[in-house]
Amino acid sequence: MIIAFVKVIYMIFNQHKFYAQLERVLNHDVLQKIGIFKKDLTLTINKKLKEEINAVMDNNWKTLRKQLKPYLIAYILILSTYTIPPIVINYYHKFKGTPNYAYIPVGATSFSDDKSMSFPLYYIHLILDYSGGHICAWGSFCFDLLFVTQCIYCTGLIKVLCLMISLSTSDLVPKESRVEYMCYCIRHYQNTYEFFKDTQEMYMHVNLSHFLMIMVESGMTLFNINESLSEEISLALNNCLWYEESKEFQKLVQMMLLRTKDELHFDISWFARLNYDTMIKIFRMSYSYFLLLRDISD
């Protein structure tokens, strides 16, 4: 419940940032800035690129839907747990005519009618108890929805960059236009990097609570952006036939290789990195604490 409240309060105070970032995703702002389609290098490469980019982004949205279905099902089950059983039990006793039956508050978790608590503890307890389940469910779902959407969009942008690099030395791009084409690849990388950094800054401090949720939920594929996708850019640059191109083209490739050493990664506030190593360390530490507690209890 605390994690959910942190997310909801953070979203309320930063809703303009979330709205602006989501608008960039929905309008494909980064892809619109590639600029290669405005410059008629050749009709063939533009047509090929549009088809490939559309295929990459379509696959991304399919992945997003697969990721969000377990989230939605989990939160619907949470809400159902706090709403359906009390309603069914109350109607059952009403139909049976149970004498002196105390109706269960719908949506409450453990609220008792104890008004002896001093002000404002009673009202805080009342509000949290009645709204806690709903806030936990929908607050976390909305936050996770935005986080997963932006992460998967980032992976799509990196895949588009790798696609552009792989076509840079193909027959689709004329030799005299390849240096200019590589400049467009560099601009797309810069725009992707800026979008990723904006997303990273938005979630950096909340990632501590979100990381704990990710370990339990089905968002583990988000860690791939740290491990595989950052490496794919370097692999795409090394696999293109850069050694057959002009010295200017080779210098641009070297610049890109140096720049891609700055890995794209999400931080957990200031003290850890959101990746597989951190997750495994936490699992091991949790298991060690479990063994310690078990030995103490024995």
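List of remarks:
- Index of the failed condition, residue 77 passing every other in (1) loosely packed, with under 12 Cβ neighbours inside 10 Å; (2) modelled with pLDDT of 85 or more: (2)
- Residue in the stretch 107-126 that is at pLDDT 75 or above, assigned to a helix (DSSP H, G or I) and over 30 Å from residue 181 (Cα atoms) present: no
- Filter result for residue 9 (over 17 Å from the mean Cα position of the chain (by Cα) and surrounded by fewer than 14 Cβ atoms within 10 Å (Cβ to Cβ)): yes
- Taken together, the residues in the stretch 5-35 that are farther than 14 Å from residue 146 by Cβ and in a helix (DSSP H, G or I) amount to 8.
- Within the stretch 76-100, residues that are under 21 Å from residue 128 (Cβ atoms) reach partners that are of a type outside the set (A, V, I, L, M, F, W, C) and outside any loop (DSSP other than H, G, I, E, B) with beta carbons closer than 6 Å, at six or more positions or on different chains, in the pairs 82/133.
- Within the stretch 243-273, considering residues that are among the aromatic types (Phe, Trp, Tyr) and modelled with pLDDT of 80 or more, the one surrounded by the most Cβ atoms within 10 Å (Cβ to Cβ): 249
- Of all residues assigned to the stretch 56-79, none qualifies as being more than 27 Å from the chain's Cα centre (by Cα), within 25 Å of residue 206 (Cβ to Cβ) and assigned to a helix (DSSP H, G or I).
- Among (1) touching a helix residue (DSSP H, G or I) at 6+ places or on another chain (Cβ under 8 Å); (2) modelled with pLDDT of 75 or more; (3) assigned to a helix (DSSP H, G or I), the one test that residue 101 misses: (3)
The values are calculated or read from the model by the stated rules, or taken from the named source; none is laboratory data. The structure displayed is predicted, hence computed values, not measured ones. Backbone-built Cβ (ideal geometry, glycine too); neighbour counts: all protein chains shown.
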